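No value in this document is a laboratory result; all are computed from the given coordinates. Source: prediction; values computed, not measured. Counting neighbours? That spans all protein chains shown, and the Cβs are built from the backbone with ideal geometry, glycine included.
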Amino acid sequence: MNGTALTVHQTARPHGFPTSEHFTFVESPLPRPAAGTALVENLYWSVDPYHREMMDDVPGGFTLGAPLEGRTIGRVVASRTSRLAEGKIVFHRQGWRTHAIVTPEEIRRLPRFDGVPPTAYLSILGGTGLTAYVGLTRIARLQEGEDVFVSAAAGGVGTATGRFARLMGAGRLVGSAGSAAKLDHLTREVGYDAVFDYRDGSPADQLRKAAPDGIDVFVDNVGGAQLAAAVGALRDFGRIVRVGTIGQYNTPDAPVPRFDYADIVEKSLRMEGFLVSNHRDVQEELYEFAVPHLQSGRLRADETVADGFEHIVDAFLGMLRGENTGKVVVRDHTEAVFAG
């Protein structure tokens, strides 16, 4: 096969917000599969908040001058293994590149569900949706009628959490976001009952107004002052689900949240974080829960889709600046379909 491939490399460690200068596109000859491998042409890429953390000098982080990784969907275009037929659509983690060499052990075959678009496998049915689902069912153990507060509610995990919680019978649903347009989307489209802009004043005061009777569950994507506010608002036996700390990824010197630690004991609160990679066994359960709702229209995937691999860095930086609503997906082939 002739042709060229593009990969994205990180060139330097950022201090604070990264810029396009921290990345470079590298062109190389199209890779050829060796025996037992296959060449995948990537069609859809996921850019995620955790990628910012991996840009730092941390264990398991991105290596400077090497192709970056990420969740990706692609089509097998050349194969030297009977286990990966040409034309198959597969999920793998060699993202931030136009083509990848994979082994059968490195991919996951994606099921076909009528009426479900490919981008859903990177958003509501992918790691983003799985994070929200695990957070509610395994960590919070959400019960019908319980009141829930979600920070960064207009992001990928936040919108999925809100939609899932509503389907699971949550009571009052409160969310925070960073613009009037996002707040409108949360109440009009996602199903949140009350929302507030975390930049408009004290999160504790705003949460008190949005949930005057308190909350049972806090799904935390941000950390900081919103975490402290939630501790004060939680009722007895409340639960805090720690998903991420995006509010500190680009401000490592930000002060840690201050709250009354006695609340943890006196209200019998539980705080637990998790990595979605430790819950991959829940993937089929997520499909069983979410797909019928997607097909019926009761559930929608909130997505911001950027067209063109050349825009993957811009899409990532835009997400860090909060320019997206829902999950950010980069799409290369607008008419890609599953081959089975």
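Would you mind calculating the relative contact order of segment 127-277 from Cα pairs under 8 angstrom and at least 6 residues apart, reporting the percent as a whole number?
21
By counting other Cβ atoms within 10 Å of each Cβ, how are Leu173, Leu130 ranked from fewest to most?
Leu130, Leu173
Fewest Cβ neighbours within 10 Å first, please rank Tyr198, Tyr261, Tyr121 accordingly.
In increasing order of surrounding Cβ atoms, one gets Tyr261, Tyr198, Tyr121.
Can you put Lys327, Lys267, Lys209, Lys88 in order, fewest other beta carbons within 10 Å first?
Listing Lys327, Lys267, Lys209, Lys88 from fewest to most nearby Cβ atoms yields Lys209, Lys267, Lys88, Lys327.
Is the shape of segment 1-160 rounded, prolate or oblate, going by the alpha carbon gyration tensor and its root eigenvalues a ≥ b ≥ c, with a/c under 1.5 for rounded and a/b larger than b/c for prolate?
Verdict is oblate for segment 1-160.
Net charge near Gln94: determine it from the other residues with C-beta under 9 Å of the C-beta of Gln94, scoring Lys and Arg +1 and Asp and Glu -1.
0
Could you state, as a whole-number percent, how many of the C-alpha pairs of segment 127-277 are farther apart than 21 Å?
Counting pairs separated by more than 21 Å, the tail of P(r) holds 36 percent.
Restricting to Cα pairs below 8 Å that are 6+ residues apart, what does the relative contact order work out to for segment 1-120? Please round to a whole percent.
Dividing the mean separation by the residue count of segment 1-120 yields 29 percent.
Could you quote the convex hull projected area for segment 188-267, Cα atoms only and averaged over all directions, in nm²?
6.0
I'd like to know which of Leu130, Pro212, Ser151 lies farthest towards the positive end of the charge dipole of the chain, counting +1 on Cβ of Lys and Arg and -1 on Cβ of Asp and Glu.
Leu130
Tabulate in residue order the Karplus-calculated ³J(HN,Hα) for segment 49-62, using 6.51 cos²θ - 1.76 cosθ + 1.60 with θ = phi - 60°, rounded to whole Hz; enter x for Gly and Pro.
3J(HN,Hα) across segment 49-62, in whole Hz: x, 5, 4, 5, 4, 6, 6, 7, 7, 10, x, x, x, 5.
Any idea how far the Cα center of segment 144-160 sits from the one of segment 49-121, in Å?
Centre-to-centre distance over Cα atoms comes out at 28 Å.
Under a Cβ-only charge scheme (Lys and Arg +1, Asp and Glu -1), can you give me the dipole magnitude of the chain about the Cα centre, in debye to the nearest 20?
Around 620 debye, computed over the chain.
Considering only Val26, Met54, Gln94, whose Cα is most displaced toward the positive end of the charge dipole of segment 23-146, charges sitting on Cβ of Lys, Arg (+1) and Asp, Glu (-1)?
Of Val26, Met54, Gln94, it is Gln94.
For segment 127-277, give the magnitude of the charge dipole about the Cα centre (Cβ charges: +1 Lys/Arg, -1 Asp/Glu; no others), in debye to the nearest 20.
300
Starting at 0 and stepping by 10 Å, how many percent of the alpha carbon pairs of the chain end up in each bin?
Whole-percent P(r) values from 0 Å outward: 6, 25, 32, 23, 10, 3, 0.
For the chain, what relative contact order do you get, as a whole percent, if you take Cα pairs closer than 8 Å and at least 6 residues apart?
Relative contact order, the chain: 18 percent.
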